[in-house]
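The values are calculated or read from the model by the stated rules, or taken from the named source; none is laboratory data. Note that the structure is predicted; figures quoted are calculated from it, not measured. Counting neighbours? That spans all protein chains shown, and the Cβs are built from the backbone with ideal geometry, glycine included. We work out accessible area using only protein heavy atoms, side chains counted, and drop any ligands, DNA or RNA first. Shrake-Rupley method; radii C 1.70, N 1.55, O 1.52, S 1.80 Å.
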Amino acid sequence: TSSSTYHEYAAINLEKEYCSFYLKEFMADKNGNLTYAVNIMAGRGFEMETMGTMLCRQNVDGSLAYRLFFPSDLDFTVDGSGRTYLLEEEGIRILDENGQSVNLVVPGGYQYAEDFSHKPLYGDGDAGVYYLDRTMTVYEIQMSGSEPRLAECKGLDKGSDKRYYVVPGGSLLCSNVSEGVLYEWDRESASHKMILRWQAGDMLGGRFQAI
């Protein structure tokens, strides 16, 4: 009918209201526990609005550790100690393995926005957790006992053409899109070294999508 349209294999009535759920992001820690975020959307036809996000943590045995609702979109990462790091309006909130808030990190000049042009939080589920602010400055979130602190990753060039990746062991990799180079940051010397260059493999261009 005129009030319906077809989207792939489903007929959508544009006069009715719908609710949809989709898996936005997931991440496992080194012990196999899985944390995932499910976005909830509602509205008429194709005019759907985000109603919130369900954050869940599933233990390695399949049992549910917690399920929390947040009335906004959500960016998160996890470390190797069962902690989850959330980007919120007040700062970076840290949850323990039971979903209880244990700390709030507020970086200097912190500004929250749901329309970040880059992913602000990075982690590998093992050791390293990093925060990338709006000035493209990278900080490592270090835990001293139960107290977190931000340590700037010096020796990294700023720029909107940079992409960051955290690999097991907490190593931070950086790809320079314009130069076609992949760097590894060394925290001891506060410098980075080149580990791969596109042109060295006779490739004309390209960049890493993910590592």
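Between Ser144 and Ala65, with labels modelled 7 Å along Cα→Cβ, what's the label distance in nm to one decimal, could you check?
Rounded to a tenth, the inter-label distance reads 2.6 nm.
Please work out whether segment 33-133 counts as rounded, prolate or oblate from its C-alpha gyration tensor, where a ≥ b ≥ c are the square roots of the eigenvalues and a/c under 1.5 means rounded, while otherwise a/b larger than b/c means prolate and anything else oblate?
On the way: a/c = 1.94, a/b = 1.13, b/c = 1.72.
Cα axes put segment 33-133 in the oblate bin.
In whole percent, how big is the carbon plus sulfur part of the accessible area of segment 22-136, probe 1.4 Å, protein atoms only?
48
Arrange the peptides 101-107, 70-76 so that the one whose residues have, on average, the most other Cβ atoms within 10 Å appears first.
Details: 101-107: 13.9, 70-76: 16.6.
The most tightly packed comes first, giving 70-76, 101-107.
Filter Lys119/Lys193; Lys24/Lys154; Lys30/Lys119; Lys30/Lys158 down to the pairs with a C-alpha to C-alpha distance above 27 Å, please.
Lys24/Lys154; Lys30/Lys158
As an exercise, take the mean of 1/r over every pair of distinct alpha carbons in segment 117-167, invert it, and state the Kirkwood radius in angstroms.
On the way: mean 1/r = 0.0861 Å⁻¹.
Taking every pair of different Cα atoms in segment 117-167, averaging 1/r and inverting gives 11.6 Å.
Could you provide, to the nearest whole Å², the per residue accessible area of segment 31-98 with probe 1.4 Å?
45
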